[in-house]
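Everything on this sheet refers to the single structure shown next.
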Amino acid sequence: MHDLDLSFILNELGEEREHYYNAIAPPISQTSNFAFKSVADFRAGLANEYDAWLYSRGNNPTVNILRKKLAALDGAEDALVFGSGIAAIAVPLLALLKQGDHVVSVAKPYSWTIKLFEKLLPKFGITTTFVDGTKIENFEAAVQSNTRLIYLESPNTFTYELQDLAAVAALAKRRSLLTMIDNSYCSPLYQQPYKMGIDLVAQSATKFIGGHSDVVAGVVTGSKEVIKKIFDAEFLNIGGNIAPMNAWLLIRGLRTLHLRMERVCDSTKKVVDYLAAHPKIEKVIFPFHPSFPQYELAKRQMKNAGGLFSAVLKVDTVEEVERFCNSLKHFFLAVSWGGHESLVIPSAVSIQAKDFDRLNSIHRLVRFYVGLEDPDYLIADLAQALEK
Ligand SMILES: *Cc1c(COP(=O)(O)O)cnc(C)c1O
């Protein structure tokens with residue numbers, strides 16, 4: 001995307017300021033319903049809610065400013081915004097799949113996406129095969145006669161395996177399959193899957209788009225045809241829409257998206273380089289580090305990387321992992337990411353202490369998120385915690 005386009009999208013696109021006293025910040029249209037001038041207009045609105053101001057479960061003026069910006073950022077035709085990232089994944093899948101359909105999904109997507117494939121979709125007779133997505137042959141081999149969709153997440157947010165997006169899109173076109181990706185890690189600024197031939201691009205807007213750890217939201221973008229199909233049925237029927245106030249906060253988040261991401265990426269590189277050279281770190285896992293197995297693909301398909309990375313500690317016990325994390329003063333022990341604050345999650349938090357196996361490097365893995373703090377402030381904190 002050209003920088004001029006980005007400036008236009010973040011500052012002007014979708015904002016009809018002449019309709020609201022030329023206010024720079026858009027109003028929060030805190031309304032559930034909209035009045036019609038005549039029965040004929042009312043009838044037309046009911047017949048095609050996609051193009052009508054009828055009810056805020058469907059269209060809302062504040063939300064629609066956000067939709068226009070998010071669609072344009074992906075180079076797509078339209079967007080739907082949801083009350084969470086997982087709704088932006090679940091609702092399109094429920095809309096596009098039917099009983100008897102099969103999905104080929106990359107292994108290890110986001111935790112609630114796994115539950116969607118393993119627990120919720122099987123209730124409707126939809127099955128999923130998980131494949132190691134680092135090799136395109138694995139997708140090809142898993143496609144069955146009833147396969148309808150290939151699901152991707154590149155990179156994931158724990159160990160960062162990538163899929164070759166152009167190759168998967170080409171395979172899907174050859175076999176007439178739909179493709180969908182969770183693009184949360186890169187955001188539209190650093191990876192544009194729709195332009196690479198992926199049909200639907202979902203993102204947790206809770207992360208980089210919101211950027212201030214104060215909103216839970218999600219977005220999916222695609223062609224007008226597919227987005228309208230989702231809007232007309234499952235979007236309205238499941239009702240996972242975002243509140244106008246939260247949409248407004250996301251519009252505000254977008255104003256500084258490029259600046260925040262640049263800062264986060266620059267700081268992440270410094271923190272990763274520091275840890276990669278530290279004697280108590282076995283290895284770092286970060287797509288833009290030369291030691292990353294898919295470094296070449298990452299450089300080819302992503303414009304930049306940052307925020308999330310992981311490190312494997314050289315330790316023998318779970319107590320040492322815990323002591324390191326508990327000693328950090330400026331990294332909060334918390335889920336989520338993409339905000340102003342740096343965070344840490346040891347993978348040992350999801351196992352019982354007695355099950356810790358030092359030979360399993362995943363048990364010694366710690367996931368970091370680097371926020372907007374001064375990188376030297378964060379590095380000094382890591383240094384004192386590693387000493388302990
Ligand atoms: C957080 C996250 C989600 C889910 O988004 P919510 O906004 O929490 O519902 C999905 N995918 C990835 C990669 C995430 O990090």
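The values are calculated or read from the model by the stated rules, or taken from the named source; none is laboratory data. Small disclaimer: the values here were computed from a predicted structure and weren't measured. Cβ sites come from the backbone with ideal geometry, for glycine too, and all protein chains shown count toward neighbours. Remember, those area values only see protein heavy atoms, side chains included, never the ligands or the DNA or RNA. Shrake-Rupley method; radii C 1.70, N 1.55, O 1.52, S 1.80 Å.
Near the amide H of Thr179, under 5 Å away, which other amide H atoms are found, from residues 5 or more places off or on another chain, if H is placed in the peptide plane?
Residues meeting the amide H criterion: Ile150, Asp199, Leu200.
Hey, rough spin-label estimate for Ile136 and Ile238, points 7 angstrom out along Cα→Cβ, what's it come to in nanometres?
A separation of 3.1 nm, rounded to one decimal place.
Between Leu259 and Ala166, how many nm apart are label points set 7 Å from Cα along the C-beta direction?
About 3.4 nm, to one decimal.
At most 16 other Cβ atoms within 10 Å and a DSSP loop assignment: could you name the trypsin sites (Lys or Arg not before Pro) in region 1-100 that fit?
Lys37, Arg57, Lys98
Over all pairs of distinct alpha carbons, what does the Kirkwood formula give as the hydrodynamic radius of region 1-146, in Å?
Hydrodynamic radius (Kirkwood, Cα only) of region 1-146 equals 18.8 Å.
List every residue whose amide H lies under 5 Å from the amide H of Leu308, counting only residues 5 or more places away in sequence or on a different chain, with H placed 1.01 Å from N in the peptide plane.
When sequence neighbours closer than 5 places are left aside, the close amide H contacts are Val370.
For a quick check, take a GNM of the chain with Cα springs below 10 Å and name the residue from Ala72, Ala95, Ala247 with the largest mean-square fluctuation.
Ala95
With θ set to phi - 60° and the Karplus curve 6.51 cos²θ - 1.76 cosθ + 1.60, what are the ³J(HN,Hα) couplings of region 246-257 in order, to the nearest whole Hz, using x for Gly and Pro?
So the Karplus estimates, Gly and Pro as x, are 5, 4, 4, 5, 6, 4, 4, x, 4, 4, 10, 3 Hz.
Please list, in chain and number order, the residues 5+ apart from Ser105 or on another chain whose amide H is under 5 Å from its amide H, with Hs placed from the backbone.
It is Thr129, Phe130, Val131, Tyr151, by chain and number.
If you wrap the chain's Cα atoms in a convex hull and average its projection over all directions, what's the area in nm²?
Over every viewing direction, the Cα hull of the chain projects on average to 20.6 nm².
Output the antiparallel fraction of DSSP beta bridges having both residues in the chain, as a percent to the nearest 5.
Antiparallel bridges make up about 55 percent of those DSSP assigns within the chain.
How many angstrom lie between the C-alpha centres of region 345-388 and region 1-70?
Using only Cα atoms, the two centres lie 44 Å from each other.
Where does helix 375-387 land angle-wise versus the long Cα axis of the chain, in degrees 0 to 90, nearest 10?
Taking Cα atoms only, the helix is inclined about 40 degrees.
For region 91-239, what is the percent of antiparallel DSSP beta bridges, rounded to the nearest 5?
The answer is about 20 percent antiparallel.
What are the principal axis extents of the Cα atoms in region 261-384, in Å, biggest first?
42, 30, 27
What are the aspartates and glutamates whose alpha-carbon lies under 15 Å from the alpha-carbon of Lys135, with same-chain residues fewer than 8 places away excluded?
Glu153, Glu161, Asp164, Glu296
When the solvent-accessible surface of protein heavy atoms is calculated with a 1.4 angstrom probe, in what order do Asp74, Asp199, Asp214, Asp3 fall, highest first?
The most accessible residue leads, giving Asp3, Asp214, Asp199, Asp74.
I'd like the distance between the alpha-carbon centres of region 186-235 and region 89-116, rounded to an integer number of Å.
Between the Cα centre of region 186-235 and that of region 89-116, the gap is 15 Å.
Which of rounded, prolate, oblate describes region 331-388, given a ≥ b ≥ c as roots of the alpha-carbon gyration tensor eigenvalues and a/c under 1.5 marking rounded, otherwise prolate only if a/b is larger than b/c?
Oblate, since a/c reaches 1.5 and b/c is not below a/b.
Per-residue HN-Hα couplings for region 268-279, Karplus 6.51 cos²θ - 1.76 cosθ + 1.60 at θ = phi - 60°, whole Hz, x for Gly and Pro?
Rounded to whole hertz, the list is 4, 4, 5, 5, 4, 4, 4, 5, 4, 8, 7, x.
How tilted is helix 318-327 with respect to the longest principal axis of the chain? Cα atoms for both, answer in degrees (0 to 90, nearest 10).
Approximately 70 degrees, to the nearest ten.
List the residues of region 128-149 whose backbone N lies under 17 Å from a point placed 7 Å from the Cα of Lys98 along the Cα-to-Cβ direction.
Answer for region 128-149: 145-149.
With springs connecting C-alpha atoms under 10 Å apart, model the chain as a Gaussian network and identify which of Ala107, Ala90, Ala47 has the largest mean-square fluctuation.
Checking each option, the largest mean-square fluctuation is seen for Ala47.
Roughly how many percent of the accessible protein surface of the chain is carbon and sulfur, given a 1.4 Å probe and a whole-percent answer?
55 percent
What would the Debye equation give as log₁₀ I(q)/I(0) for region 173-230 at q = 0.13, 0.19, 0.31 Å⁻¹, counting only Cα atoms as equal point scatterers?
So the normalised log intensities work out to -0.36, -0.71, -1.25.
Based on the Cβ-Cβ distance of Glu225 and Leu359, what FRET efficiency does E = 1/(1 + (r/R0)^6) give at R0 = 56 Å, to the nearest 0.05?
Approximately 0.65, to the nearest 0.05.
By how many nm would the segment from Val39 to Ser336 lengthen if fully extended, with 0.36 nm per residue of separation less the alpha-carbon distance?
Value of the extension gain: 102.2 nm.
Taking 0.36 nm per residue of separation and subtracting the Cα-Cα distance, what length does fully extending Lys280 through Ser145 add?
43.6 nm
Report the accessible area of Thr129, computed with a 1.4 Å probe over the heavy atoms of all protein chains in place, in Å² rounded to the nearest 10.
The value for Thr129 is about 40 Å².
Can you compute 3J(HN,Hα) from phi for each residue in region 168-179, using the Karplus curve 6.51 cos²θ - 1.76 cosθ + 1.60 with θ = phi - 60°, rounded to whole Hz and x for Gly and Pro?
Karplus values, whole Hz, x for Gly and Pro: 5, 4, 5, 4, 5, 5, 4, 9, 6, 10, 7, 10.
Using a 1.4 Å probe, what is the accessible area per residue for the chain, in Å²?
Accessible area per residue: 44 Å².
Return the inverse of the average 1/r over all pairs of distinct C-alpha atoms in region 254-329, which is the Kirkwood hydrodynamic radius, in Å to one decimal.
14.0 Å
If you take the beta carbon distance between Arg17 and Arg57 as r and set R0 to 25 Å, what does 1/(1 + (r/R0)^6) give as a FRET efficiency, to the nearest 0.05?
After rounding to 0.05, the efficiency reads 0.45.
Using only the Cα atoms, work out Rg/Rh for region 115-267, with Rh taken as the Kirkwood radius, to two decimals.
0.98
Which of Pro244, Pro61, Pro290 moves the most in a Gaussian network model of the chain with Cα springs under 10 Å?
Of Pro244, Pro61, Pro290, the most mobile in the Gaussian network model is Pro290.
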